[in-house]
Amino acid sequence: MRQRIKTALLLLISRSPRIRWSLAGLTGRRAFQAVCATQNEKELDELGRTDSQRIVPFLNVSSRVLDVGCGVGRVEKFLWPYCRSIDAIDVSDKMISIARTRLGSVSNVHFTRANATNLHMFRNQDFDVCFSFHCLQHMQKEDAWLALTEVFRVLKLGGLAYLHFPSFMSATYFSLFTEKKHWADKSRVRAYTMPELERIVTSIGYDIVGHEEACLNPFVDPLEPKRDILITLRKQIDNGS
């Protein structure tokens, strides 16, 4: 009986990304491990500082910013001085609670529990910049398309999206693809090729400003210099939106 209950619970968790992510945020250390594969908050913050600097060149003091999949607020902690405001969403109340504690009295960052496929709480053309790290990869690709469509809606004309996707061409993510034990997990990591991303984002109406390949997380072995794709998109100005 216990084994049946355990099996049923594991099946439920694997089919519900929200439950799984909430359980990962039960404690600070567990949350840090889930977000960046390290329980050391200083190491997590260093990665947050590095990723925040990827966004800074797109900002000015009047920028309104959206973060899709904020986790424990590792990027917000270092990005908030460079913009007017940041709206940060995550599917887990636990993660958001940790993020609020970590940012203390910072007044221009607002956390909301939400699913990226439905940003109904935000108006059309609300944001100048959107970014997302280590989030879209956990969605089924159809849901990632819906999320990108919602981001497109809430971006201002000419607004920018800076997005992270795992590279299917990397040894790390290809090995995950071939591991059958992960196939039933709805929140498993899904990798992309650059031609695949081009097809997806241009179908929505984005212009591709540029892309680069990098290794975002040094705490995941083996280290590969081109494990991750970072793509910069612009909402077309003349698309009739």
* Scan region 25-67 for residues that are of a type in the set (Val, Ile, Thr) and crowded, with 24+ Cβ neighbours inside 10 Å and report the count. => 2
* Would you check if Phe111 is aromatic (Phe, Trp, Tyr), in a strand (DSSP E or B), in contact with a helix residue (DSSP H, G or I) (Cβ under 6 Å, 6 or more places away or on another chain) and in contact (Cβ under 8 Å) with a residue 40 or more places away in the chain? => yes
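Give the residue that is farthest from Gln236 (Cα to Cα), with candidates limited to residues of region 113-133 that are out of contact with any Phe, Trp or Tyr (no Cβ under 7 Å at 6 or more places or on another chain) and buried (at least 22 other Cβ atoms within 10 Å of the Cβ).
Only one residue fits best here, namely Phe133.
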* Asked: Which residue, of Ala99, Ala161, Ala88, is among the hydrophobic types (A, V, I, L, M, F, W, C), touching a residue at least 24 places away in the same chain (Cβ under 8 Å), within 16 Å of Cys70 (Cα to Cα) and assigned to a helix (DSSP H, G or I)?
  -> Ala99
* Checking Thr202 against (1) assigned to a helix (DSSP H, G or I); (2) touching a residue at least 12 places away in the same chain (Cβ under 8 Å), which single condition isn't satisfied? -> (2)
* To do: Using the structure shown, decide if Gln125 is modelled with pLDDT of 95 or more, of a type in the set (S, T, N, Q) and over 19 Å from Asp87 (Cβ atoms).
  => no
* **Residue identified as closer than 20 Å to Ile231 by Cβ, in contact (Cβ under 8 Å) with a residue 12 or more places away in the chain and either β-branched (Val, Ile, Thr) or in contact with a Ser or Thr (Cβ under 7 Å, 6 or more places away or on another chain) (or both) among Leu59, Leu47, Leu66, Leu79** => Leu79
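Okay, residues lined up against (1) in contact with a strand residue (DSSP E or B) (Cβ under 9 Å, 6 or more places away or on another chain); (2) farther than 30 Å from Asp45 by Cβ; (3) charged (D, E, K, R):
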position: Met194; (1), (2), (3): yes, yes, no
position: Ile200; (1), (2), (3): yes, yes, no
position: Asp207; (1), (2), (3): yes, yes, yes
position: Glu213; (1), (2), (3): yes, no, yes
position: Pro218; (1), (2), (3): no, no, no
position: Pro222; (1), (2), (3): no, no, no
position: Arg227; (1), (2), (3): yes, no, yes
position: Thr232; (1), (2), (3): yes, no, no
position: Ile237; (1), (2), (3): yes, yes, no
* Asked: Counting just the residues of region 122-151 that are hydrophobic (A, V, I, L, M, F, W, C) and touching a strand residue (DSSP E or B) at 6+ places or on another chain (Cβ under 6 Å), which one comes out nearest to Leu216 (Cα to Cα)?
  -> Phe133
* Asked: Any idea which of Leu230, Leu163 is surrounded by 14 or more Cβ atoms within 10 Å (Cβ to Cβ), within 13 Å of His134 (Cα to Cα), at pLDDT 95 or above and touching an Asp or Glu at 6+ places or on another chain (Cβ under 6 Å)?
  -> Leu230
* Quick one: count up the residues across region 205-230 that are in a strand (DSSP E or B), β-branched (Val, Ile, Thr) and either under 24 Å from Ala34 (Cβ atoms) or under 15 Å from the mean Cα position of the chain (by Cα) (or both). => 1
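The values are calculated or read from the model by the stated rules, or taken from the named source; none is laboratory data. Treat the numbers as computed from the prediction; the structure is a model and nothing was measured. Note that we place each Cβ from the backbone using ideal geometry, even for glycine, and neighbour counts take in every protein chain shown.
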